[in-house]
Amino acid sequence: MEPEKFYYDNKIVKQFALATIIWGVVALLYGLFAAFHIFLPNWGMHLEYFTFGRIRPIHTNAAIFAFVGNGIFTAVYYSMQRLLKTRMYSDLLSKIHLWGWQLIIVAAAITLSLGITISKEYAELEWPIDIAITVIWVIFGINMFGTLLKRRVSHIYVAIWFYIATWVTIAVLHIVNSFELPVSLFKSYPLFAGVQDALVQWWYGHNAVAFFLTTPYLGLMYYFIPKAANRPIYSYRLSIIHFWALIFLYIWAGPHHLLYSALPEWVQSLGIVFSIMLIAPSWGGMINGLLTLRGAWDKVREDPVLKLYVVAVTCYGMSTFEGPMMSLKWVNAISHFTDWTIGHVHIGVLGWNGFLTFGMLYWLIPRIFNTKLYSTKLANTHFWIATLGILFYAIPLYFAGITQASMWKQFTPEGFLVYPNFLETVTQILPMYHIRAFGGSLYYTGVLLWVYNLYKTMKAGSLVANEEAEAVPLPVQEKKSTSEGWHRFLERKPLLFLTASLIVILIGGMVEIIPTYFIKSNVPTIESVKPYTPLELLGRDVYVSEGCYNCHSQMIRPFRSETERYGEYSKGGEAVYNHPFQYGSKRTGPDLAREGVKSGKLYKPDSWHYNHMIDPQKINDKSIMPPYPWLAKKDINMRLTPKKIRVMQTLGVPYPEGYDKIANDDLMKQAKKISDGLSDEGIDVEPTRQIVALIAYLQRLGTDIIVDK
């Protein structure tokens, strides 16, 4: 059969590559800004759009979905065409995917800056954007599988296995975690609440890391490392074990983010067991990547691309060993809620994702522009600066995390907390935050060198928009070889491969989520727990909008050090009306689960909360919390109160029938009581201000099961 001529679409690859570069600059700049902001709280210039609580989700979303996301699409659109010997299925779908994804990113940046968020980590975006993500992801899938079906090769290569698993798993995760009931165009409440919402979120959150930051980049590794080294992948059999074991085990591991929480113990145990098991396939993949370079170490010393790949795969190995170790209960008791977790995450994103992306574009851009890399020396400089940047970024956070945990848990011989004031544990680690910011600055300097090098490379060359190629067409009827194994058979059937991947990833999620949702004994109710009043509900929305969950947890673990500091440990039944949950994942400030308790050392009057929100340094000059003066000037949206009550009733919150019609009356009574009380202390504020609603919410926290004395 005669070969057919066709053309690879390099224009779409270039456009996704440019998007990767641009969003990389933006995402990492926001991260650098956040690194400085955490110890310079007034960097936000007292503007609501630049508080840490709003910057942090912009940074995480931009880093994951803009920088890494566009890096994934660059790799997929470049490698799939060459592995399948065909142009992408539809140029039109490629363009819709490209521009649709960029519009989603812009919409995310704008809405998060405005405080429009659902507050679930890595899934903060409101329902219209969630729908847009679903549509664009489906378009991407159609284009990808259309390309697979018109391929000119019989078997699909290992990189494409990971692309398939990524597509189907992200689709499932996104849809399930995005079940929301809209209140308005910019406000919704999730279907799940409390413990159930926490489980679904971290089933999504952990596997967003697994199937957006890991599996597609493993596909990238399996394609670009052999290409750059000009050597075959080390082991085909190991790649099979790596792939199927990884996608099966990963999906179970989410509950390890919720150890010692109110999540049922059996679910926590499953998360631990499968997290430990993940070490085997993860390290199998790392070994497969590194051993591909066997015999090429002389080239590694000279080639900045291969150096970047070696460090990237090493960071992958470190992260995928450390993650399971952190899921052990005794380790988690130390690491959780501390900066240790932040250091762990950034080893993965800056090292694994960042370095693979840098190396990929150093290798790819010269090829589609038909030129040589502008400066190998500059690329090597970038490598060393960025490597030092990662070390200066992550190592101080490990020290900070261990220091925090030690100080939180330390008791005097008489049995009292050595550091009862949480702020003491924060000020102790400020020097480590300074070093972290220095490391981030180094890493970002490397990014700017990368951008300059690629710009000069593109300027020196000329894009080969349609690269000519030829290949023999795939026969219509393929006969199975008698020696063909089950996996070789699957590799010829991409839709069957998709179905098998879907079944494998659904098992873990179904086993963990369905019983927790439908078997009520897994989340026992508490009779004294009542729904939020209308004012408290709106105050909770203010809390969510300002991103307070980024620094404060609402989950007291059953440790003596925590019950002594915060009060009674948290129960699952306390959060049954919390849409969304607010357990948190990092304590830059103290836990707030019992913030409203009005007895003993925990008591804080309304005036304290008011002054603390307006000027935290007035309460304590060492505080690193940013001020929120606009809360005393902006009104709550009472027009939406009836609709919010009706949506909550639909979600199962037991407000009385017809309560939506009188909800604002009750709201104003409670608001006026708080406003009058503040006035008695010399603070004049209108009862409709956001700060009044926020105070009402904070003063409610933890009071349902505590008898005030």
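Descriptive notes on the structure:
- Residues of segment 585-601 that turn out to be touching a strand residue (DSSP E or B) at 6+ places or on another chain (Cβ under 9 Å) and crowded, with 23+ Cβ neighbours inside 10 Å, as a count: 1
- Yes/no for Thr371 being of a type in the set (Val, Ile, Thr) and assigned to a helix (DSSP H, G or I): no
- Enumeration of residues in segment 143-177 that are under 20 Å from Phe212 (Cβ atoms), surrounded by fewer than 23 Cβ atoms within 10 Å (Cβ to Cβ) and of a type in the set (Gly, Ala, Ser): Ala171
- Subset of segment 618-630 that is without any contact (Cβ under 8 Å) to a residue 12 or more places away in the chain and either within 31 Å of the chain's Cα centre (by Cα) or not in a loop (DSSP other than H, G, I, E, B) (or both) - its residue that is farthest from Pro420 (Cα to Cα): Lys618
- Any pair with Cβ under 6 angstrom, 6 or more apart, that starts in segment 351-362 at a residue that is in the same structural domain as Cys315 (by TED's automatic domain parsing) and β-branched (Val, Ile, Thr) and ends at one that is at pLDDT 95 or above and assigned to a helix (DSSP H, G or I): Thr357/Gly71
- Across segment 348-358, a minimum of one residue is classified as under 16 Å from the mean Cα position of the chain (by Cα), among the aromatic types (Phe, Trp, Tyr) and part of a helix (DSSP H, G or I).
- All positions within segment 613-634 that are of a type outside the set (S, T, N, Q) and either within 12 Å of Pro41 (Cβ to Cβ) or outside the structural domain of Val685 (by TED's automatic domain parsing) (or both): Asp615, Pro616, Asp621, Lys622, Ile624, Met625, Pro626, Pro627, Tyr628
- Matching residues, segment 585-615, being of a type in the set (A, V, I, L, M) and part of a helix (DSSP H, G or I): Leu602, Met613, Ile614
- The residues of segment 214-261 include none that are touching a Lys or Arg at 6+ places or on another chain (Cβ under 6 Å) and modelled with pLDDT under 95.
- Any hit, segment 407-415, residues being among the basic types (Lys, Arg), touching a residue at least 24 places away in the same chain (Cβ under 8 Å), out of contact with any strand residue (DSSP E or B) (no Cβ under 6 Å at 6 or more places or on another chain) and assigned to a loop (DSSP other than H, G, I, E, B): no
- Unique residue being out of contact with any helix residue (DSSP H, G or I) (no Cβ under 6 Å at 6 or more places or on another chain) and either outside the structural domain of Ile72 (by TED's automatic domain parsing) or among the hydrophobic types (A, V, I, L, M, F, W, C) (or both) when the list is Phe186, Phe192, Phe243, Phe224: Phe186
- Any chance Glu657 is of a type outside the set (Phe, Trp, Tyr), without any contact (Cβ under 8 Å) to a residue 40 or more places away in the chain and not in a helix (DSSP H, G or I): yes
- Of all residues in segment 631-654, those that are in contact (Cβ under 8 Å) with a residue 12 or more places away in the chain and part of a helix (DSSP H, G or I) total 13.
- A single entry from Thr425, Thr516, Thr457 fulfils the requirement of being of a type in the set (Val, Ile, Thr) and closer than 23 Å to Ile21 by Cα: Thr457.
- Residues in segment 443-474 that are surrounded by fewer than 20 Cβ atoms within 10 Å (Cβ to Cβ), over 25 Å from Asp9 (Cβ atoms) and among the β-branched types (Val, Ile, Thr): Thr445 alone.
- Selection of segment 209-265 for residues being closer than 17 Å to Thr74 by Cα, outside any helix (DSSP H, G or I) and of a type in the set (Ser, Thr, Tyr) yields only Thr214.
- Checking Glu48 against (1) more than 30 Å from Val472 (Cβ to Cβ); (2) surrounded by fewer than 21 Cβ atoms within 10 Å (Cβ to Cβ); (3) out of contact with any Asp or Glu (no Cβ under 9 Å at 6 or more places or on another chain), the condition it does not meet: (3)
- Any hit, segment 679-693, residues being surrounded by fewer than 18 Cβ atoms within 10 Å (Cβ to Cβ) and in a helix (DSSP H, G or I): yes
- Looking only at residues in segment 561-581 that are touching a residue at least 24 places away in the same chain (Cβ under 8 Å) and farther than 24 Å from Val653 by Cβ, the one that is surrounded by the most Cβ atoms within 10 Å (Cβ to Cβ) is Tyr566.
- The lone criterion from (1) under 28 Å from Trp99 (Cα atoms); (2) aliphatic (A, V, I, L, M); (3) outside any helix (DSSP H, G or I) left unmet by Met1 is number (1).
- Residue pairs whose Cβ atoms lie under 6 Å apart, separated by 6 or more positions or on different chains, with the first residue in segment 667-696 and assigned by TED's automatic domain parsing to the domain that holds Leu538 and under 23 Å from Cys548 (Cα atoms) and the second at pLDDT below 95 and surrounded by fewer than 16 Cβ atoms within 10 Å (Cβ to Cβ), do not occur.
Matching residues to (1) surrounded by 22 or more Cβ atoms within 10 Å (Cβ to Cβ); (2) more than 26 Å from Leu361 (Cα to Cα); (3) assigned by TED's automatic domain parsing to the domain that holds Trp630:
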| residue | (1), (2), (3) |
| --- | --- |
| Gly71 | yes, no, no |
| Arg87 | no, no, no |
| Lys95 | no, no, no |
| Leu98 | no, no, no |
| Thr111 | no, yes, no |
| Pro128 | no, yes, no |
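- If you go through segment 428-441 and keep only what is assigned to a helix (DSSP H, G or I) and either surrounded by fewer than 19 Cβ atoms within 10 Å (Cβ to Cβ) or of a type in the set (Val, Ile, Thr) (or both), you end up with Leu430, Pro431, His434, Ile435, Phe438, Ser441.
- In the set (1) farther than 30 Å from Phe422 by Cα; (2) surrounded by fewer than 23 Cβ atoms within 10 Å (Cβ to Cβ); (3) under 20 Å from the mean Cα position of the chain (by Cα), the condition left unmet by Pro281 is number (3).
- Single match in Ile503, Ile507 (criterion: over 30 Å from Thr111 (Cβ atoms), free of Cβ contacts under 8 Å to residues at least 60 places away in the same chain and surrounded by fewer than 21 Cβ atoms within 10 Å (Cβ to Cβ)): Ile503
The values are calculated or read from the model by the stated rules, or taken from the named source; none is laboratory data. Since the structure is predicted, the reported quantities are computational estimates derived from the model, not experimental observations. So basically every Cβ, Gly included, is an ideal-geometry build from the backbone, and we count neighbours across all protein chains shown.
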